[in-house]
Amino acid sequence: MVELSHDSRPIIGRGTPLGATFLALATASIGLMVADVRYDQLERVRGWMNSAAYPLQLAIDLPFSTWASIAGWFSDSDQLRQQNLELNAQLRGANLQLQRFEALEQENRRLREMRGSSAAVAKRAIVASILKVDLDPFRHRVLLDRGASDGVFKGQTVLDAQGIFGQVWRVNARTSEAILISDAEHAIPVKSNRSGVRTIAVGTGDPDSLALPFVTGESDIRKGDLLISTGMGGVFPPGYPVATVTRVERTSKATFAIVEARPAAALDRDSEVMLVWFDAPQTGLDDAAGDPGAATAQPGSAQAAPDAPAPADSAPARPTPAPDAAPGETQ
């Protein structure tokens, strides 16, 4: 009869001690996090992983998009006819307003040319579909199906049909990650379209609310004011809707008022957004004729560099007053 050997040593005591293994793994994890955050060493690895996961993301989204297409094909014709009539009525009203807006736009452009500056104008836009939404309630990030191959760049403005949606946070080969203006780590310079008071709108982690923590009690901010982008910082172009003030509370003992606003964009309902490229701000006719050495802004930037001094031999025949603000900056 064969007798099996018997090892009486405890199983837990064999091999590398658990404490040493845990310490080695913890050290390696901390090292990788430091290398990623401070030295950006894992960006290429992250890009490879996102590229490898892109077909899987499309496969997961395929049943939903297919079902939406089938549901659209079998929609009731009477409902579509009624919607068509309603849309035609809305289109007629919008065309009437557009005729007036075009006249106002021309007048505004002439006034800006007289000031020596012009607002950034969108020269290109592409539609991007939202592939994934971050499930973390405090991180408002979405994954878009456009990436570096489409010309997307970090910091690019993202809009929807109502206003500013956010900006591009990370760019991969075929996808990009956008941070919403409601993210707790995001802030955007804004001003009241009624009074012109400038402040900063900060994300609260709630897609229906932005906070304005730096509004003093004496500031002319009222409930119902439309907040638009100022263009300061060179990330967002000036003049685009950001939010509407929904709450203003002032107390005599507090220096700052409690101000909240509702974002203009449908942050928690959009399925498609627009990635936009903007023209560099245009300078006035006098500046263009008398200052050929003036610096111009790069495409995609909402703020131009300050004008360089003109050569002595190219000075204009008559003195030209300096503009009130740098090109691309609103007051």
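The values are calculated or read from the model by the stated rules, or taken from the named source; none is laboratory data. These figures come from a predicted structure and were not determined experimentally. Cβ atoms come from the backbone with ideal geometry, glycine included; neighbour counts cover every protein chain shown.
Among the residues of the stretch 263-275, is any surrounded by 15 or more Cβ atoms within 10 Å (Cβ to Cβ) and among the polar types (S, T, N, Q)?
Looking for residues that are surrounded by 15 or more Cβ atoms within 10 Å (Cβ to Cβ) and among the polar types (S, T, N, Q), one finds none in the stretch 263-275, hence no.
Just need a number here: residues in the stretch 212-241 that are within 26 Å of R139 (Cα to Cα) and over 17 Å from the mean Cα position of the chain (by Cα).
Of the residues in the stretch 212-241, 5 are within 26 Å of R139 (Cα to Cα) and over 17 Å from the mean Cα position of the chain (by Cα).
Residue by residue, here is whether (1) of a type in the set (F, W, Y); (2) modelled with pLDDT under 90; (3) farther than 23 Å from R262 by Cβ holds:
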| residue | (1), (2), (3) |
| --- | --- |
| E102 | no, yes, yes |
| M114 | no, yes, yes |
| V133 | no, no, no |
| D136 | no, yes, no |
| L144 | no, no, yes |
| I164 | no, no, no |
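Okay, residues lined up against (1) more than 15 Å from A265 (Cα to Cα); (2) modelled with pLDDT of 95 or more; (3) in the same structural domain as D270 (by TED's automatic domain parsing):
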| position | (1), (2), (3) |
| --- | --- |
| D160 | no, no, yes |
| W169 | yes, no, yes |
| R174 | yes, no, yes |
| L180 | no, yes, yes |
| N193 | yes, no, yes |
| G196 | yes, no, yes |
| E218 | yes, no, yes |
| R222 | yes, no, yes |
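Take the residues in the stretch 160-177 that are part of a loop (DSSP other than H, G, I, E, B) and either of a type in the set (A, V, I, L, M, F, W, C) or out of contact with any Pro (no Cβ under 7 Å at 6 or more places or on another chain) (or both); name whichever of them is surrounded by the most Cβ atoms within 10 Å (Cβ to Cβ). Spell out the reasoning first.
So in the stretch 160-177, the residues part of a loop (DSSP other than H, G, I, E, B) come out as 160-163, 172-175.
After this cut, where a residue has to be either of a type in the set (A, V, I, L, M, F, W, C) or out of contact with any Pro (no Cβ under 7 Å at 6 or more places or on another chain) (or both) as well, the list is 160-161, 172-175.
Working: D160: 19, A161: 12, N172: 23, A173: 14, R174: 19, T175: 25.
Only one residue tops the list, namely T175.
Yes/no per residue for (1) touching a strand residue (DSSP E or B) at 6+ places or on another chain (Cβ under 7 Å); (2) of a type in the set (S, T, Y); (3) modelled with pLDDT of 85 or more; (4) not in a helix (DSSP H, G or I):
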| position | (1), (2), (3), (4) |
| --- | --- |
| S29 | no, yes, yes, no |
| A35 | no, no, no, no |
| R38 | no, no, no, no |
| Q41 | no, no, no, yes |
| V45 | no, no, no, no |
| M49 | no, no, no, no |
| A59 | no, no, yes, no |
| P63 | no, no, yes, no |
| I70 | no, no, no, no |
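Of the conditions (1) modelled with pLDDT of 85 or more; (2) of a type in the set (S, T, N, Q); (3) more than 29 Å from A187 (Cα to Cα), S129 clears all except one; give me its number.
All conditions pass for S129, except number (3).
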